[in-house]
Amino acid sequence: MPTPPKTVSVSPSRCIGCLNCELACASRDWAKLYPAPARISLVFFKDGAKIPLTCFQCDNAPCLSVCRTGALSRDSRGVVASDPEKCIGCRACSAVCPFGNVVYSQAARAAVKCDQCDGEPRCAAACPSGALRYIEDIDAVKAKREAFARSLKDTAEAI
Amino acid sequence: MPGQLETPRPGNGRGPGAPPASPQPEPPRSATPLLVEGTVNGIRISVPKGTTLLRAARLCGVEIPTLCHHEGLPPEGSCRLCVAEIRGQLAVSCMFPLRDDGFKALTDTPAVMDARRYVLSLLINRAPKAPRIRKLADEYGVAPDPRFMKDPDGCVRCGRCVRACRANGPEAIALAGRGFGRSVTGPFRKPPEACIGCLACALCCPTGKITFAEKDGARRIWDREFSLAPCPECGARVFTAEQIAFYGGSASAACPSCRKKLMASELKKAAAYEAPDGLPLP
């Protein structure tokens, strides 16, 4: 792989529920500030929790393995991208995605999914609170490890 | 190249699935990537050997009208709209692989325009109401010719639906018969038993002849009725039971938006243990 794999890292505790990510994603292709066709979506819970969810770019992607026309393909960054020109609308990808992250869009007449905007995800750029960050895989893991170490340190000091 | 996309999926009862075949019409014959250079309407272009003339023209920004061509399906060359002139002859550009250096293709000579107008006059007799064909006919100044008008049913017999069905796996429909009797149908001109109701044929149809209806949790297409499986979480009906079985899914699986919610609630449980990351705000 020529570039280090990057990922849209999600920190749900930082999410403020502003929906900027959905709007930024939807406005990319449809030029409308209307969140329905967004490839990223916030799931709201009754207790106030908000979880932003987008495609995980699975290594062993079920959507990719059922696509028969080459409409879904993995690019050099390891991202599974969709080519609307090649989509025949069989909806197989949508039927097999375990996380509901590939949807068939009537407006686009093709399957749409997150392709990380060719390396410049608009959702991460639009996020005001740092809940979504576009960082290298290794940094995402490192940040989590450091955060956990810090919390252990705090606990140790409290004791 | 028919047969390239015929690998059945698991659940089809015809063996295990295989990785998807590339629908590239003509792979280069040589192991090393070779380029061929030539011109389309005088515009110089260099493309990998075996690239179709249609693709080369589109790369040049030269627009060639097509009906039966689909980027994701093997070419069939049945609508004949994409004719272009190369080596002094007319060729169907979606099926014409460029193999030799110094090709000179022309897409707007009088011969090409005449051929295209003639083809359009035949197509418009098959589908006089299809918006796409009417637009092309207006553009090329073609009117329907009553000599060839016989039962215009809106289908131009381009076979895009058949190729889409074959690519997806069910191979439920095919073109049957000859001449005026030729039509897209299931085996023995009966509602296709292998159909899974995925709607790929309807989406790929360039004239809008293939229609479907969804009513009371059922989908009707090809004179067959499919019951749409209700989502156990929210009751939404998204896929037909046949579709889910064919793609190897579980009949009790939730609909895509509920799957998203289920995943989110899993992540929420994990987020409860998430330590503050201490990073500054962006």
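Checked against (1) in a strand (DSSP E or B); (2) buried (at least 19 other Cβ atoms within 10 Å of the Cβ), B:Cys68 meets all criteria but (1). Of all positions in the stretch B:13-36, none carries a residue that is crowded, with 20+ Cβ neighbours inside 10 Å, at pLDDT 90 or above, within 14 Å of chain A (Cβ to nearest Cβ) and under 24 Å from A:Arg68 (Cα atoms). Looking across the stretch B:107-161, the residues that are touching a helix residue (DSSP H, G or I) at 6+ places or on another chain (Cβ under 8 Å), surrounded by 12 or more Cβ atoms within 10 Å (Cβ to Cβ), aliphatic (A, V, I, L, M) and without any contact (Cβ under 8 Å) to a residue 40 or more places away in the chain come down to B:Met113, B:Leu120, B:Leu122, B:Ile124, B:Ala137, B:Val142, B:Met149. Residues of the stretch B:73-97 that are in contact (Cβ under 8 Å) with a residue 60 or more places away in the chain and of a type in the set (Gly, Ala, Ser): B:Ser78 alone. Looking across B:Leu136, B:Leu175, one residue alone is at pLDDT 90 or above and touching a Lys or Arg at 6+ places or on another chain (Cβ under 7 Å). It is B:Leu175. Given the criteria on the phi > 0 side of the Ramachandran plot, in a loop (DSSP other than H, G, I, E, B) and either in contact with a strand residue (DSSP E or B) (Cβ under 8 Å, 6 or more places away or on another chain) or not assigned by TED's automatic domain parsing to the domain that holds A:Val10 (or both), does A:Gly89 qualify? So A:Gly89 fits the description; yes. Only one of the numbered conditions (1) part of a loop (DSSP other than H, G, I, E, B); (2) within 12 Å of chain B (Cβ to nearest Cβ); (3) modelled with pLDDT of 85 or more is not met by A:Ala36, and that is (3).
Give the residues of the stretch B:237-282 that are closer than 24 Å to A:Tyr134 by Cβ, more than 8 Å from chain A (Cβ to nearest Cβ) and among the acidic types (Asp, Glu), sorted by residue number. Scanning the stretch B:237-282 gives a single hit, B:Glu266.
Scanning the stretch B:53-72 for residues that are touching a residue at least 60 places away in the same chain (Cβ under 8 Å) and away from every other protein chain (no Cβ under 13 Å) yields B:Pro65, B:Leu67, B:Cys68.
Can you confirm whether A:Ser76 is among the hydroxyl-bearing types (Ser, Thr, Tyr) and in contact with a strand residue (DSSP E or B) (Cβ under 6 Å, 6 or more places away or on another chain)? So A:Ser76 fails the test. Across the stretch B:180-210, the number of residues qualifying as β-branched (Val, Ile, Thr), away from every other protein chain (no Cβ under 14 Å) and under 28 Å from A:Ala108 (Cβ atoms) comes to 2. For the residues A:Ser73, A:Ser9, the requirement of being of a type in the set (S, T, N, Q), surrounded by 15 or more Cβ atoms within 10 Å (Cβ to Cβ), touching a residue at least 12 places away in the same chain (Cβ under 8 Å) and not in a loop (DSSP other than H, G, I, E, B) singles out A:Ser9.
Candidates are the residues of the stretch A:94-135 that are acidic (Asp, Glu) and in a loop (DSSP other than H, G, I, E, B); the one that is nearest to the other protein chains (Cβ to nearest Cβ) is A:Glu120.
Going by what's in this entry, would B:Pro48 be described as out of contact with any helix residue (DSSP H, G or I) (no Cβ under 6 Å at 6 or more places or on another chain), buried (at least 18 other Cβ atoms within 10 Å of the Cβ) and not β-branched (Val, Ile, Thr)? Spelling it out, it is not the case that B:Pro48 is out of contact with any helix residue (DSSP H, G or I) (no Cβ under 6 Å at 6 or more places or on another chain), buried (at least 18 other Cβ atoms within 10 Å of the Cβ) and not β-branched (Val, Ile, Thr).
The values are calculated or read from the model by the stated rules, or taken from the named source; none is laboratory data. All of these numbers come straight from a predicted model, not from anything done at the bench. Backbone-built Cβ (ideal geometry, glycine too); neighbour counts: all protein chains shown.
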